Amino acid sequence: MLFINPEILTLRHKTERMNYPNLIISKLPNVGTTIFAVMSKLAADHNAINLSQGFPDFNCHEDLVSLVNKHMKNGNNQYAPMPGLIGLREAIAEKTELLYTAKYDPETEITVTAGATQAIFTAITALIREGDEVIVFEPAYDCYQPAIELNGGKTVYLQLKAPDYTIDWEEVKKMISHHTKMIIINTPHNPTGSIMSKDDLKMLEKLTKDTDIVIISDEVYEHIIFDKNEHQSVARYPKLAERSFIISSFGKTYHTTGWKTGYCLAPKILMTEFRKVHQFLVFSANTPIQYALAEFLKQKEQYLELGDFYQKKRDYFIRQISNSKFTFTPAAGTYFQLLNYEKISKEKDTEFAIRLTKEFGLASIPVSVFYHENVDNNVLRFCFAKKEETLEKAAAIINKI
């Protein structure tokens, strides 16, 4: 998900080689500044409403802040145990069993991480070797491919089928080879807001049966799912769970993306390898926040009612723009809504997103950057994890275009 002019990139690398011919050979030569940083800076420069980067513009629950403050004042400010506080791991195990009837051992099968991105990187690093292939569905979140490449692996891309962004499992079957080590799934899906069904998980289970393929299931939006649908966690499927890392995020659940606290679930045989990397990557996550989360998880309604909370925001946003020239299918999950602008402009989505920010004062994310070959379906991604007044102002701009 990179946003950089290829000619500038090539020139920069030539200059680097001339100045330091033997000092640096980049391990990620094609990586520039992420689209999130680019669009957020552009929004700031032009005083635009920022619906690009995925974070709320409202505060988390005051009880959670008070709990963090309490534990800081109580002196819980030193290193937590490497896998995370046992009280928090026990609370995570309880939540997982409540939601998915799956049992994970807090001692050996749950690790608290410094955010979901760290957990994903750790899982990939623990298992991927030179020449291993990893199947990734695109449009894809931008942290998967660099981690694969850094570890010598090869990313095998399969496109989700627009406009519903569903998986063609026959295509997946064709792409699996003896080099396939891992498949990464993401449900609810960023950036499209689509969700995987029971049939999808059963097909994945069938395709990986009697193989050595490991699954990374990115489930950071597990509680943000709409229209009475159930989140199909890998944890619901024992034969899949036994070969899977499941990644989740407290930042997405509790509106605290800046706290960078997440966790990983995996069977002991996988978690053993995960922790070998985790201990040398970050060792442990933020201690007072772990204490606070362990207590706050007792307020089950905070995550059980999260889907309804965000569905109201989704519905408010799409009602406000229902008479615009943009077309859309309501997101099934996450806090992102895709809008198609083909009735408005034939510009590339990157160009239209920039013009929308500069001329109209509204920042979004062009979806083409979530593809490795910049597939352009004239679609922009908007974050609706915002206050109603923010969404109302954004909608007023959208309706003028």
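For this structure, a couple of remarks:
- Among the residues making up segment 228-250, those that are more than 24 Å from Ala126 (Cα to Cα) and either touching a strand residue (DSSP E or B) at 6+ places or on another chain (Cβ under 7 Å) or polar (S, T, N, Q) (or both) are Asn229, His231, Gln232.
- Some residue of segment 339-359 being in contact (Cβ under 8 Å) with a residue 24 or more places away in the chain, outside the structural domain of Pro146 (by TED's automatic domain parsing) and under 20 Å from the mean Cα position of the chain (by Cα): yes
- Selection within segment 102-122 - within 19 Å of Pro81 (Cα to Cα) and hydrophobic (A, V, I, L, M, F, W, C): Ile110, Val112, Ala114, Ala116, Ala119
- Conditions (1) among the β-branched types (Val, Ile, Thr); (2) assigned by TED's automatic domain parsing to the domain that holds Leu240; (3) surrounded by fewer than 14 Cβ atoms within 10 Å (Cβ to Cβ): number failed by Ile24: (2)
- Here segment 224-238 is the region considered, the condition is being in a loop (DSSP other than H, G, I, E, B) and out of contact with any Asp or Glu (no Cβ under 9 Å at 6 or more places or on another chain), and the residue that is farthest from Glu97 (Cα to Cα) is Asp227.
- Thr287 meets the conditions (1) closer than 30 Å to Val367 by Cβ; (2) out of contact with any strand residue (DSSP E or B) (no Cβ under 6 Å at 6 or more places or on another chain) in every case but one. The failed one is (1).
- Phe226 vs. criteria surrounded by 24 or more Cβ atoms within 10 Å (Cβ to Cβ) and in the same structural domain as Asn190 (by TED's automatic domain parsing): no
- Entry remark, segment 305-338: residues being surrounded by fewer than 18 Cβ atoms within 10 Å (Cβ to Cβ), of a type in the set (Lys, Arg) and touching a residue at least 40 places away in the same chain (Cβ under 8 Å) number 1 in total.
- Of the residues Asp199, Asp210, Asp227, Asp218, the single one that is among the charged types (D, E, K, R) and under 15 Å from the mean Cα position of the chain (by Cα) is Asp218.
- The residues on offer are Glu97, Glu107, and the sole one that is without any contact (Cβ under 8 Å) to a residue 12 or more places away in the chain and surrounded by fewer than 16 Cβ atoms within 10 Å (Cβ to Cβ) is Glu97.
The values are calculated or read from the model by the stated rules, or taken from the named source; none is laboratory data. Note that this is a predicted model, so its numbers are computed, not measured. All Cβ positions, glycine included, derive from the backbone under ideal geometry; neighbour counts span all protein chains shown.
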